[in-house]
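Remarks on the structure that follows.
No lab work stands behind these numbers, since they all come straight from the coordinates. Just so it is clear, the structure is predicted and the values come from calculations on it, not from any experiment. As a convention, Cβ positions derive from the backbone with ideal geometry for all residues, glycine included, and neighbour counts pool all protein chains shown.
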Amino acid sequence: MASRGSGALERGSRFRDRRHAGQVLGWHLVEAGVLERFPEPRLVLGLPRGGVPVAGEVARILAAPLDVFLVRKLGVPGHEELAMGAIASGGVRVLNQVVIDRLGLSDDEIEAVTRSEAEVLDRRQRAYRDDRPPAPVPGATVIVVDDGLATGASMRAAVHALRQQHPAAITVAVPVGSPETCRDLQTEAEEVVCVRTPEHFLAVGQAYDDFSPTTDAQVRAVLSAVTTAG
């Protein structure tokens, strides 16, 4: 486990950036006793793009492997904002059968959307991971990290997809989140850790001084640095 650095956060202050948020989150996980409740092997998964710099610091502090976990929503044809399911890293697909049945969607329609989104997911996985295979999830204590939770849709899809790979336990970990979303996710994961749950939550970015977009190059750099260090 890494020695403690300058990750402290004064009450009421904001995170300087995603790396600082990851340092605060990592030590919060240590102090909350998550490591004692959920034993090794552990795996930290960052949701791209913004969750990866946060996850990189968490993985460093916990001395755990780091990987990305990509999720792509499967939008209903013609109403793409409505999700009929999701696909994720490792070839996992989760379908919302209630939506599918209600709209009478055919297998061909579902497969067409799945193929299209799978192509995007595969391109991004290759861009981030190069030729490295995905880290093994079965039997691991998985800590899924994002830079914050607003609606929680991506995190919820990630948790559902990870369940199909049979981890020992799933911990959702974020620096900041909507109180309602953090509470609702407690029914999805063994543990949900939200460092900050502002009463008047507006957006994830309100908790950061620097919330500039994370680039693909930054994602690759974080993954490379943690992999090399490990």
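Annotation: extensible slack from E180 through A127 equals 15.7 nm (criterion: 0.36 nm per residue apart, minus Cα-Cα distance). For the chain, modelled as a GNM whose springs connect Cα atoms under 10 angstrom apart, the maximal fluctuation among A112, A59, A88 occurs at A112. Select from G50, G152, G78 the residue whose mean-square fluctuation is largest in a Gaussian network model of the chain (Cα-Cα springs shorter than 10 Å). Evaluated over the chain, the most mobile residue of the options is G78. Short to long, the 10 Å bins of the Cα pair-distance histogram for the chain hold 8, 33, 37, 18, 4, 0 percent of all pairs. Rg and Dmax over the alpha-carbon atoms of the stretch 71-129 stand at 11.6, 38 Å.
Under the membrane-span-like helix rule (DSSP H runs whose alpha carbons stretch at least 15 Å along the helix axis, mean Kyte-Doolittle hydropathy -1.0 or higher), the chain yields 18-31, 51-62, 153-163, 216-229.
Label positions at E36 and S224, each projected 7 Å from the Cα along the C-beta direction, are separated by 4.0 nm. Taking the Cα centre of the stretch 71-129 as origin and assigning +1 to Lys and Arg Cβ atoms and -1 to Asp and Glu Cβ atoms, the resulting dipole is close to 460 debye. Computed extension gain for S13 through D209, at 0.36 nm per residue and net of the alpha carbon distance, reaches 69.6 nm. Which of the three applies to the stretch 124-225, rounded, prolate or oblate, going by the alpha-carbon gyration tensor with a ≥ b ≥ c and a/c under 1.5 meaning rounded? Oblate, since a/c reaches 1.5 and b/c is not below a/b. For D101 and H166, the FRET efficiency from 1/(1 + (r/R0)^6), where r spans their Cβ atoms and R0 equals 25 Å, is about 0.40. Here the chain is scanned for trypsin sites (Lys or Arg not before Pro) in DSSP loops (not H, G, I, E, B) that have at most 14 other Cβ atoms within 10 Å, and the longest stretch holding none of them is 12-230.
Considering the dipole of the chain built from charges on the beta carbon (Lys and Arg +1, Asp and Glu -1) around the Cα centre, which of S178, C194, A161 is farthest to its positive end? The Cα lying farthest towards the positive end belongs to C194. Subtracting the Cα-Cα distance of A112 and L202 from 0.36 nm times their residue separation leaves 28.8 nm of extension gain.
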